[in-house]
Amino acid sequence: MHENLLISLVLLLPSLQVVLTHHENEVEGQEKQYRICVPDADYNLCLGMVAAGKPRMGRISCVHAPDKIACMEKILKREADFIPLEAEEIYLADRLNPRGFVILGEIRSGDYSTRDFRYESVAVVRISSGINSISSLKGKRSCHTGFGRNSGWRIPFSHLMDHRQLSPYCDKINASNVERDLYAVSNYFEAACAPGPWAADKEVDKRLKETYSSLCSLCKDPSTCGKKDEYGKYEGALRCLTENDGDVAFTKLDAVEEFFKLKEETSSEIVGEYQFLCGDDTTLPLTTETPCSWAKRPWKAFVTSRRIGLDANKVKDLRDQLTLALYTGSKEINPPPEWLTSVLEFNPTDVANFYDPYRVKTITPSVYLAKRNFTVTFEKPSCPATSLIRFCVQNEVEGLKCNALRLASESQRISPGFSCVSGKSSGDCTGKVSKRKGDADVVVLPYAKREIDTAQGFYQLVPILSEVEVVDSENTDTSRYSVAVIRSELSGEFTSISNLRGRPSCHGSMNSVAGWSAPLSVLVETGEINVRGILETEMLRYFGNKTCVPGAKEKGLCSLCAGDGGPVPGKPYTPETVCADDDTERYYGDLGVLRCLQDKVADVAFLDHVGLHQKTKGTDLNLGNLRLLCRDGTVTELDRFEECNWGRVPAQKVMARGGNENVVEREDFRLSLLKAQKLFGKGGKAERVFKLFGVYYGNENLLFQDTSVGLAPFLTPVQ
């Protein structure tokens, strides 16, 4: 059978009753469970789906991970079996492991269920313009669906790069990557309408639109050139072509057919004035029955492991299970449940088209994308970046998250993209970024005065971005508070800060400003600690040689740490986990120091107030018997952190090399990171693909603080 033979859900419905009856009579657990992987946010919906489908859908189960990248990794590790993915995510699966995945079937829109692509990208030209080849586009007036959009920008840009039309202009200006793109296009086309945001920084966006105003000159409102411009989007680009003296419009075929009424008995009167420009330097009339496209966007698809794909019987079985789930959600439950669209990513009017089970093993992600010429949108979506942004990470788990950021950014065409460099600590990373070494490009530093002073003074780094954090439900702030927490039964034992001397303590991490640097500063300022000694040693003495500071090199600072063991005497543990600067250490991080108190290992714990109030939700930690210890020795309730704290902890800063010679590279770093946070940050359209902020596999504050909601540019450029 031909590999494109498809089995539609609609065609399966007549025999569905037989399938349903068969599954109802099965003994639960006798046959294979097929595990769909969903992002953490959708896990409860997934469990609802499983409950709704029992007993006949009883062989689909749920596993969860932080995001879709983590889900794909679970499939590779045989911890999950399948997942629905968009085209960009399918590309990401190919980058993770080119031979690890296969395409099980497509999710097609009911209105277009007979075609094997979601839409076709086309170029429509005015016949009188004399455009008859790709090279003849130079000097013409172009209309685009929007800056950075697939049909209107990335696909034509990729083809123009492939034909060496734009590449000669890419290196003629020393500027950020996005500005090099704009420079190339503005020098190639006489005028254009490319509406929408050009840069994630509003001030930069405004400056670029003033500098390259010709790329807004054909828009309905050139002064704004915004994403809602009337000459933007699919049909708007055609209005730009026909109403505003454009020469070429880059859009999708469906919009052309509707705009020129090509499917109606009487076409538009002006249809004869325009034609398709094909990628092979030919033209076709708009009325042709075989229009030419520059690329086709693939359908969303169900993706499974190659392991399952190699077994046709398992493919059939998984197909049947999915068919049952889709039928239950779209036909049997009214109104359709949320899990249908969120978990299976299937609309009630969609149609599932499954490939021939014996051919599934041949349909890898790269085959699936290349057949529609869609891969080119990832390979040449812009002028080539001069280099990748080397992100310095401080431990192995942070490296894993950085690598996920790298892959996710590739799939979303962020340029320049990222690579990851390993450092031993924040100080080591600072040195790697410095001019002296130049082994890395950016490092995220906690706003500890010593570290920032050293980074800016000795290493000549400058801040390029600041984290933005939500410290409570109503207030967005750029800082948190360091707080000291004790058990309430100890309240009567404190009358001054000096009562801390000799008491066991927990600090979360050596790299924590709230847990380590802030209390250290307070104890120095109040004269509790001798500044003439080695501060780490003085802190150890102060707390009676009984403390746990994960990540500390001084062994004495790890005396209370438990590793992956626990408070029960004699409980086995792995030696290398003791005092580890990750969640293998029981007392690591904000939750860890609270466990330290709960286990009665320490009398005081230092952490940030956001961790105290937000991270404990849904845990077994009881805050009812805890109190805040203030700097003057008084004790108060947990919600009084604004007046009872050990100092404000400003948001972390993203640091890069200083100097005027590095201005352009810093701008590239800023804009790429801002775009990444817009896509992968809180509420970003690709947050389910990769979650930039938040706990990662149980580990806190990797790359950025878990409580951050985004990154913010400085109000004035830092030179």
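Taking Tyr447 as the residue in question, decide whether it is hydroxyl-bearing (Ser, Thr, Tyr), part of a strand (DSSP E or B), under 29 Å from Arg631 (Cα atoms) and at pLDDT below 95.
no
Of the residues Cys193, Cys240, Cys219, which is within 28 Å of Ala676 (Cα to Cα), buried (at least 18 other Cβ atoms within 10 Å of the Cβ) and in contact (Cβ under 8 Å) with a residue 40 or more places away in the chain?
Cys193
Please find, within the range 406-441, the residue that is surrounded by the fewest Cβ atoms within 10 Å (Cβ to Cβ) out of those that are under 24 Å from Met510 (Cβ atoms) and among the aliphatic types (A, V, I, L, M). Steps first, please.
Narrowing the range 406-441 to residues under 24 Å from Met510 (Cβ atoms): 420-434, 437, 439-440.
Then drop every residue that is not among the aliphatic types (A, V, I, L, M), which leaves 421, 433, 440.
Values: Val421: 18, Val433: 27, Ala440: 25.
Filtering the range 406-441 for residues that are under 24 Å from Met510 (Cβ atoms) and among the aliphatic types (A, V, I, L, M), the one surrounded by the fewest Cβ atoms within 10 Å (Cβ to Cβ) comes out as Val421.
Quick check on this structure: which one of Trp339, Trp299 is under 19 Å from Ile60 (Cα atoms) and aromatic (Phe, Trp, Tyr)?
Trp339
Determine if the range 377-388 includes at least one residue that is modelled with pLDDT under 90, touching a helix residue (DSSP H, G or I) at 6+ places or on another chain (Cβ under 7 Å), of a type in the set (Val, Ile, Thr) and surrounded by 18 or more Cβ atoms within 10 Å (Cβ to Cβ).
yes
Evaluate the following for Val610: is it under 26 Å from the mean Cα position of the chain (by Cα), of a type in the set (Val, Ile, Thr), surrounded by 16 or more Cβ atoms within 10 Å (Cβ to Cβ) and modelled with pLDDT of 90 or more?
Working: under 26 Å from the mean Cα position of the chain (by Cα): yes; of a type in the set (Val, Ile, Thr): yes; surrounded by 16 or more Cβ atoms within 10 Å (Cβ to Cβ): yes; modelled with pLDDT of 90 or more: no.
When the stated conditions are applied, Val610 does not pass them.
Among the residues of the range 222-237, which ones are of a type in the set (Asp, Glu) and either without any contact (Cβ under 8 Å) to a residue 12 or more places away in the chain or touching a Ser or Thr at 6+ places or on another chain (Cβ under 8 Å) (or both)?
Glu230, Glu235
If you go through the range 660-686, how many residues are closer than 17 Å to Phe418 by Cβ and within 9 Å of the chain's Cα centre (by Cα)? Break it down into steps so the answer makes sense when it comes.
At the first step, the residues of the range 660-686 found to be closer than 17 Å to Phe418 by Cβ are 665-681, 684, 686.
Going one step further and asking which of them are within 9 Å of the chain's Cα centre (by Cα), we end up with 676-681, 684, 686.
Result for the range 660-686: 8.
Could you tell me whether the range 305-323 includes any residue that is over 30 Å from Arg141 (Cα atoms) and part of a strand (DSSP E or B)?
Residues of the range 305-323 over 30 Å from Arg141 (Cα atoms): 305-323.
Right, trim to part of a strand (DSSP E or B) and you get 305.
Within the range 305-323, one or more residues are over 30 Å from Arg141 (Cα atoms) and part of a strand (DSSP E or B).
Checking Leu286 against (1) farther than 28 Å from Leu76 by Cβ; (2) outside the structural domain of Trp153 (by TED's automatic domain parsing): exactly one of these is not met. Which one?
(2)
For the range 482-510, which positions are surrounded by 18 or more Cβ atoms within 10 Å (Cβ to Cβ), in contact with a Lys or Arg (Cβ under 9 Å, 6 or more places away or on another chain) and among the small types (Gly, Ala, Ser)?
Result: Ser482, Ala484, Ser505.
Looking at Pro66, Pro84, can you tell me which residue is at pLDDT 95 or above, of a type outside the set (A, V, I, L, M, F, W, C) and in contact with a Phe, Trp or Tyr (Cβ under 7 Å, 6 or more places away or on another chain)?
Checking each option against the conditions leaves just Pro84.
Scan the range 158-167 for residues that are over 24 Å from the mean Cα position of the chain (by Cα) and either part of a loop (DSSP other than H, G, I, E, B) or at pLDDT 90 or above (or both) and jot them down.
His159, Leu160, Met161, His163, Arg164, Gln165, Leu166, listed by residue number.
Mind listing whichever residues of the range 184-207 are in contact with a helix residue (DSSP H, G or I) (Cβ under 6 Å, 6 or more places away or on another chain), over 10 Å from Cys225 (Cα atoms) and not in a loop (DSSP other than H, G, I, E, B)?
Ala184, Ser186, Asn187, Ala191, Ala192
So, in the range 326-359, how many residues would count as being hydroxyl-bearing (Ser, Thr, Tyr) and in a loop (DSSP other than H, G, I, E, B)?
Total meeting the criteria: 2.
With the requirement that a residue be in contact with a Ser or Thr (Cβ under 8 Å, 6 or more places away or on another chain) and at pLDDT below 85, what does the range 454-480 give you?
Passing the criteria: Thr454, Glu469, Val470, Val471, Thr478, Arg480.
Can you tell me which residue among Thr349, Thr304 is under 26 Å from Gly105 (Cβ atoms), buried (at least 22 other Cβ atoms within 10 Å of the Cβ) and among the β-branched types (Val, Ile, Thr)?
The unique qualifying residue is Thr304.
Within the range 547-606, take every residue that is among the polar types (S, T, N, Q) and closer than 26 Å to Arg627 by Cβ and give me the one that is surrounded by the most Cβ atoms within 10 Å (Cβ to Cβ).
For the range 547-606, the residue satisfying everything is Thr547.
Counting just the residues of the range 371-389 that are β-branched (Val, Ile, Thr) and in a loop (DSSP other than H, G, I, E, B), which one comes out farthest from Met655 (Cα to Cα)? Write out each step before concluding.
If we filter the range 371-389 for residues that are β-branched (Val, Ile, Thr), which is where we start, we get 375-377, 386, 389.
Those still in the list that are in a loop (DSSP other than H, G, I, E, B) too: 375, 386.
Working: Thr375: 34, Thr386: 20 Å.
For the range 371-389, the residue satisfying everything is Thr375.
Are there any pairs with C-beta distances below 7 angstrom linking a residue in the range 588-600 that is in contact (Cβ under 8 Å) with a residue 40 or more places away in the chain to a residue that is among the charged types (D, E, K, R) and part of a helix (DSSP H, G or I), with the two at least 6 apart or on different chains, and if so which?
Partner pairs satisfying both residue conditions: Asp590/Lys615; Leu591/Lys615.
Spot the failing condition for Ser419; the list is (1) assigned to a loop (DSSP other than H, G, I, E, B); (2) in contact with a strand residue (DSSP E or B) (Cβ under 6 Å, 6 or more places away or on another chain), and only one is missed.
Single failed check for Ser419: (1).
The values are calculated or read from the model by the stated rules, or taken from the named source; none is laboratory data. The model shown is predicted, which means the values in this text are computed figures rather than measured ones. Virtual Cβ from ideal backbone geometry, glycine too; neighbours counted across all protein chains shown.
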